[in-house]
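To start, the structure itself, in structure tokens.
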Amino acid sequence: MRFSDRVERLGTETAFAVAARAAAHAATGARVYPFHLGDLNFKTPGNIVRAADKAIAEGKTGYCPNGGIAPLREALAADVNSRRGTSYKAENVSIQPGGKPVIGKFLAALMNPGDEVLCPTPGFPIYESQINFQGGKVVPYGFVSGSDAFRINLEALEKSITPATRLMIVNDFQNPTGAACSPEERKRLAELAVKHDLMVLLDEAYFELHYDGNAGSIVSEPGMAERSVLLYTFSKKYAMTGWRLGAAIGPKEIIDVITRMNVNEESCTAHFVQFAGVEALTGDHTEQRAMVEELRRRRDAALEILNSTPGISCFTPTASFYLYPDVTGLMEAKGFGGDYDAFAEDVLVKTGLSFCTRMHFGTPLPGETRRHIRLAFSGIGIDDIREGLGKLKEYAAS
């Protein structure tokens with residue numbers, strides 16, 4: 001069988017390979033502490049489930065408008081406007097089967113082969129995968145350690161912009177670092193986008209999972225609403241990862257193109273799932289708020305142990321449900337140097353702790369010397385967090 005050349009350029013989300021290795025280890029009878037995959041072990045709030053059941057019972061199981069049902073588009077525009085100070089209407093919203101399709105459709109709508117795309121690393125691996133797959137050129141930009149969080153290396157980012165640079169991807173409330181952009185970073189990124197006439201994909205999948213004050217958005221900066229597409233997803237906010245519900249939100253001209261892609265690719269997002277989305281946005285949020293508070297407790301419990309573990313240090317994430325500890329000292333003490341795979345396997349076998357490493361989040365930049373792993377605390381209870389990380393601490397001290 002002969003495949004197209006582009007298939008060779010298609011990447012993957014390698015966190016699922018870590019999950020498979022963890023499952024194989026568990027199958028031997030070993031205890032596994034699953035810090036690897038960013039799924040949630042919370043039930044979808046009951047009012048959302050009941051709304052879907054009601055929609056199914058009423059026959060909302062057929063085709064619906066390609067860009068999404070009007071009640072959901074209107075509710076989503078209103079919700080985004082209330083939190084970001086924007087003025088979107090239903091025409092600025094295209095409902096998607098999850099957040100990932102927004103990445104591919106944004107690139108397909110605006111990127112020609114050979115165009116350069118500024119892309120964060122470490123970052124969500126699907127960014128690089130889709131840029132490469134569709135024939136663009138990845139121009140990675142990195143982060144530096146600030147006093148209390150990771151910060152975008154703005155100086156290096158600006159120097160990497162060339163006449164061929166057309167697009168920029170920004171992941172605020174970042175995966176894997178757990179950092180939110182500072183107001184200064186948002187202002188500077190907006191200035192660069194306007195100065196160099198860049199279109200921006202603004203991935204705010206973790207916007208509502210913010211633990212310290214109200215979240216801000218780059219789209220609120222001058223000149224950004226007309227050049228940005230927001231990636232919105234219900235998955236993380238409402239524990240709806242398997243429902244596959246998200247949206248692209250932006251200028252009508254781009255949204256119309258993305259909706260035309262919907263016609264060609266999936267026709268529409270599941271009809272009854274969209275009614276569940278309306279309830280998620282407009283209904284009771286008690287269970288959703290309780291989930292965020294539980295995630296905060298898990299974060300704090302994990303940090304207490306990590307920052308008392310020899311060879312490990314970790315910033316306090318202000319957003320998302322990820323920890324991105326520096327494990328350079330531990331890897332060196334154990335004799336692994338920069339061999340992430342050997343380190344992860346040794347920790348899994350000796351402690352049961354399963355996690356992703358820096359290598360699962362995009363191509364490393366030249367000069368990266370510190371070693372990091374990502375620990376997701378979204379799918380593991382607080383007792384298991386303490387037990388699992390306690391074993392990691394014993395491993396470090398042994």
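Numerical summary
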item: Test for Gly362: is it open to solvent by 10 Å² or more (accessible area, probe 1.4 Å), over 12 Å from Leu37 (Cα atoms), modelled with pLDDT under 95 and not hydrophobic (A, V, I, L, M, F, W, C); result: yes
item: Members of segment 231-258 found to be over 18 Å from Leu202 (Cα atoms) and open to solvent by less than 30 Å² (accessible area, probe 1.4 Å), listed by number; result: Tyr238, Ala239, Met240
item: Residue in segment 168-185 that is in contact with a helix residue (DSSP H, G or I) (Cβ under 8 Å, 6 or more places away or on another chain), over 25 Å from Ser235 (Cα atoms) and assigned to a strand (DSSP E or B) present; result: no
item: Tally of residues being of a type in the set (Phe, Trp, Tyr) and either free of Cβ contacts under 8 Å to residues at least 60 places away in the same chain or open to solvent by 30 Å² or more (accessible area, probe 1.4 Å) (or both) across segment 125-140; result: 1
item: Those residues of segment 280-308 which are over 16 Å from Gly178 (Cβ atoms) and outside any helix (DSSP H, G or I), in sequence order; result: Gly283, Asp284, His285, Ser308
item: Scope segment 314-327; condition in contact with a Leu (Cβ under 7 Å, 6 or more places away or on another chain), part of a loop (DSSP other than H, G, I, E, B) and crowded, with 16+ Cβ neighbours inside 10 Å; matching residues; result: Cys314, Pro317, Ser320, Phe321, Pro325
item: Number of the condition not met by Ile305 [criteria: (1) closer than 21 Å to Glu394 by Cβ; (2) in contact (Cβ under 8 Å) with a residue 60 or more places away in the chain; (3) within 24 Å of the chain's Cα centre (by Cα); (4) open to solvent by 20 Å² or more (accessible area, probe 1.4 Å)]; result: (3)
item: Exclusive hit being free of Cβ contacts under 8 Å to residues at least 12 places away in the same chain and either β-branched (Val, Ile, Thr) or in a loop (DSSP other than H, G, I, E, B) (or both), set Gly367, Gly379, Gly311; result: Gly367
item: Filtered residues of segment 1-39 (kept if open to solvent by 80 Å² or more (accessible area, probe 1.4 Å), in contact (Cβ under 8 Å) with a residue 40 or more places away in the chain and assigned to a helix (DSSP H, G or I)); result: Arg6, Arg9, Arg21
item: Residue that is nearest to Ser267 (Cα to Cα), among those in segment 61-89 that are open to solvent by less than 30 Å² (accessible area, probe 1.4 Å) and of a type in the set (A, V, I, L, M, F, W, C); result: Cys64
item: Among (1) touching a His at 6+ places or on another chain (Cβ under 7 Å); (2) part of a strand (DSSP E or B) - the single one Ile373 does not satisfy; result: (1)
item: Any chance Thr44 is open to solvent by 50 Å² or more (accessible area, probe 1.4 Å) and among the hydroxyl-bearing types (Ser, Thr, Tyr); result: no
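The values are calculated or read from the model by the stated rules, or taken from the named source; none is laboratory data. As the structure is a computational prediction, the values presented were derived from the model and not from experiment. FYI the Cβ positions are ideal-geometry reconstructions off the backbone, even for glycines, and counts take in every protein chain you see. Accessible surface is based on the protein model in full, side chains and every heavy atom, while ligands, DNA and RNA are left aside. Shrake-Rupley method; radii C 1.70, N 1.55, O 1.52, S 1.80 Å.
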